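S.K.: Let me give you the structure first, and then I'll get to my questions.
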Amino acid sequence: MQNPFSTTFSKIPEHSYISTAQTDEIMENFNYELPSESVYKITGVRGSGKTVLLAKLEQEFESETWSREGWIVCRLNPAREMLVQMLAILCKEGLSKTTHGIDLNVSANVFGIGGGIGVSESGNRIEDIGVELDAALKNAMDKKKKIFIGIDEISRTREMEIFALEFGGWLRAGYPVYLVCTGLYENIEQLYNVKNLTFFRRATTVKTEHLNLVRMSEMYRKKLGTDITMARKLAEMTKGYAYAFQVLGILCFKAGTGFDLEEVTADLKTELYAYSYEKIWEELTDNDRKMVRLISDRYEYGREEILSVMEKPGNYPVYRDRLSRRGIIDTKRGRIGLALPFFGEYVNTYC
């Protein structure tokens, strides 16, 4: 039997996907005639399900139900010229005639980004790709179409800055454009400093949630054929971390009925340490690492306990908020603790 669990990056686990309220919230809002939000930024720690959440939204908006309502999905690669990609997709959807036959391998500068003038393969002159996109989006608005744009793993690059500035103009013009992007909090934060991107700073930030304990337990019970007591124990072990949930499922499924819990736990730690935590630790600042070390020995700590051992207690709110936004720690009722399973053990053993 095929393993129902999966850790393939960007792929929605076909048989073990656990939905969250976040996708429903975004779809419900975009479905209103006048949505309160047109942009969502999905953040969270590596392996927390950002890309899967975006992929699920793209899948839903491409479904027959949403397509009948006029939705068009544009998946844009942030490493390439996004305006060129966008125009090519709108051409295929019949929303632009003058740019039919664009060569996607041509540099963005050829198509007018930065002031150049381009010529399409059909011989039609493109004075500026922004003008062409404006015309296509105006056409989409007239035809009652709505454009869902998905961008995964954004950061402050020239391509992203250009696209975001154009997108701000589309919002001001009232075009039916809706953007959902994902990225690490620190990468998204870098875009806040770009001039004229106030709309992006103010856009709603959605932080990936811990997976629901009951839903995880039921998934383990059904897919692994174990009793609910063991299923709940496995679910609690993951602390709701999406990557850990899938890895543990894979390991238990491979081990078969009657698996040894200690063995799969040891294998789980190895996978988390090598393929997730090493990179997460690498990306933390020195001060963030100091804070993590202070809370690495117990499940949770009180605020006063942390302040009493910090070199500079006045910086506590800064480090706490930053680590919380990154998805490294949980904060509850004045207490904090690491959000990732076995992360404290990893820090104490390997860092």
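The values are calculated or read from the model by the stated rules, or taken from the named source; none is laboratory data. Just so you know, these numbers come straight off a predicted model, no measurement behind them. As a convention, Cβ positions derive from the backbone with ideal geometry for all residues, glycine included, and neighbour counts pool all protein chains shown.
S.K.: Condition first: within 21 Å of Lys207 (Cβ to Cβ) and out of contact with any Cys (no Cβ under 8 Å at 6 or more places or on another chain). Now tell me which residues in region 272-298 satisfy that.
M.R.: Let us first name the residues in region 272-298 that are within 21 Å of Lys207 (Cβ to Cβ), namely 272, 276-277, 279-281, 283-285, 288, 291-292, 295.
Hits for region 272-298 are Leu272, Ser276, Tyr277, Lys279, Ile280, Glu283, Leu284, Thr285, Asp288, Met291, Val292, Ile295.
S.K.: Right, something else. Could you list all residues from region 212-225 that are buried (at least 18 other Cβ atoms within 10 Å of the Cβ) and in contact with a Lys or Arg (Cβ under 9 Å, 6 or more places away or on another chain)?
M.R.: Across region 212-225, the qualifying residues are Met216, Ser217, Tyr220, Arg221.
S.K.: Which of (1) buried (at least 17 other Cβ atoms within 10 Å of the Cβ); (2) closer than 20 Å to Ser48 by Cα; (3) out of contact with any Pro (no Cβ under 9 Å at 6 or more places or on another chain) is the odd one out, the single condition Val264 does not satisfy?
M.R.: Here Val264 meets the rest and fails (2).
S.K.: Looking at (1) over 22 Å from the mean Cα position of the chain (by Cα); (2) in a helix (DSSP H, G or I); (3) farther than 16 Å from Glu37 by Cβ, which one does Lys195 not meet, given that it meets all the others?
M.R.: Of the numbered conditions (1) over 22 Å from the mean Cα position of the chain (by Cα); (2) in a helix (DSSP H, G or I); (3) farther than 16 Å from Glu37 by Cβ, the odd one out for Lys195 is (2).
S.K.: Does region 290-313 hold any residues that are aliphatic (A, V, I, L, M) and assigned to a helix (DSSP H, G or I), and which are they? Write out each step before concluding.
M.R.: Kept after step one, since they are aliphatic (A, V, I, L, M), are these residues of region 290-313: 291-292, 294-295, 306-307, 309-310.
Met291, Val292, Leu294, Ile306, Leu307, Val309 - these are the residues of region 290-313 that are aliphatic (A, V, I, L, M) and assigned to a helix (DSSP H, G or I).
S.K.: Give the residue that is nearest to Arg325 (Cα to Cα), with candidates limited to residues of region 18-51 that are assigned to a loop (DSSP other than H, G, I, E, B) and among the polar types (S, T, N, Q). Reasoning before the result, please.
M.R.: Just the residues of region 18-51 that are assigned to a loop (DSSP other than H, G, I, E, B), to begin with: 18-20, 32-38, 44-49.
This time we only want the ones that are among the polar types (S, T, N, Q), so: 19-20, 36, 38, 48.
On the way: Ser19: 21, Thr20: 19, Ser36: 23, Ser38: 22, Ser48: 13 Å.
Here the answer is Ser48.
S.K.: If a residue must be loosely packed, with under 15 Cβ neighbours inside 10 Å and within 23 Å of Arg46 (Cβ to Cβ), how many such residues does region 172-189 contain?
M.R.: Here is the first cut: in region 172-189, the residues loosely packed, with under 15 Cβ neighbours inside 10 Å are 172-174.
Among the residues that remain, those that are also within 23 Å of Arg46 (Cβ to Cβ) are: none.
Matching residues across region 172-189 total 0.
S.K.: Can you name the residue in region 266-315 that is more than 16 Å from Arg335 (Cα to Cα) and of a type in the set (Gly, Ala, Ser) and, of all such residues, is nearest to the chain's Cα centre (by Cα)?
M.R.: For region 266-315, the residue satisfying everything is Ser276.
S.K.: Which condition breaks for Ala255 when tested against (1) among the hydrophobic types (A, V, I, L, M, F, W, C); (2) crowded, with 17+ Cβ neighbours inside 10 Å; (3) more than 17 Å from Tyr346 (Cβ to Cβ)?
M.R.: (2) is the only condition that Ala255 fails.
S.K.: Right, another one. Can you tell me which residue is nearest to Val180 (Cα to Cα) among those in region 203-259 that are part of a helix (DSSP H, G or I) and of a type in the set (Ser, Thr, Tyr)?
M.R.: If we take residues in region 203-259 being part of a helix (DSSP H, G or I) and of a type in the set (Ser, Thr, Tyr), then Tyr243 is nearest to Val180 (Cα to Cα).
S.K.: I would also like to ask the following. Do you know which residues across region 25-40 are more than 19 Å from Thr51 (Cβ to Cβ) and among the aliphatic types (A, V, I, L, M)?
M.R.: Leu34
S.K.: Within region 280-293, count every residue that is loosely packed, with under 15 Cβ neighbours inside 10 Å and either in contact with a strand residue (DSSP E or B) (Cβ under 9 Å, 6 or more places away or on another chain) or among the β-branched types (Val, Ile, Thr) (or both).
M.R.: 1
S.K.: Let me ask something else about it. Give me the pairs, please: first residue somewhere in region 216-233 and assigned by TED's automatic domain parsing to the domain that holds Thr257, second residue anywhere and modelled with pLDDT under 95 and acidic (Asp, Glu), beta-carbon distance under 9 Å, and either six or more positions apart or on two chains.
M.R.: The qualifying pairs do not exist here.
S.K.: Surrounded by 15 or more Cβ atoms within 10 Å (Cβ to Cβ), of a type outside the set (Val, Ile, Thr), in a helix (DSSP H, G or I) and touching a residue at least 40 places away in the same chain (Cβ under 8 Å): does that describe Tyr316? Steps first, please.
M.R.: Values: surrounded by 15 or more Cβ atoms within 10 Å (Cβ to Cβ): yes; of a type outside the set (Val, Ile, Thr): yes; in a helix (DSSP H, G or I): yes; touching a residue at least 40 places away in the same chain (Cβ under 8 Å): no.
Against the criterion (surrounded by 15 or more Cβ atoms within 10 Å (Cβ to Cβ), of a type outside the set (Val, Ile, Thr), in a helix (DSSP H, G or I) and touching a residue at least 40 places away in the same chain (Cβ under 8 Å)), Tyr316 does not qualify.
S.K.: Select from region 138-168 the residues that are in contact with a helix residue (DSSP H, G or I) (Cβ under 7 Å, 6 or more places away or on another chain) and part of a strand (DSSP E or B) and write down the one among them that is nearest to Leu191 (Cα to Cα).
M.R.: Gly150
S.K.: Count, please, the residues in region 176-186 that happen to be closer than 16 Å to Ala203 by Cβ and part of a loop (DSSP other than H, G, I, E, B).
M.R.: So the first thing to find is which residues in region 176-186 are closer than 16 Å to Ala203 by Cβ, and the list is 177-183, 185.
Among the residues that remain, those that are also part of a loop (DSSP other than H, G, I, E, B) are: 183.
Qualifying residue count, region 176-186: 1.
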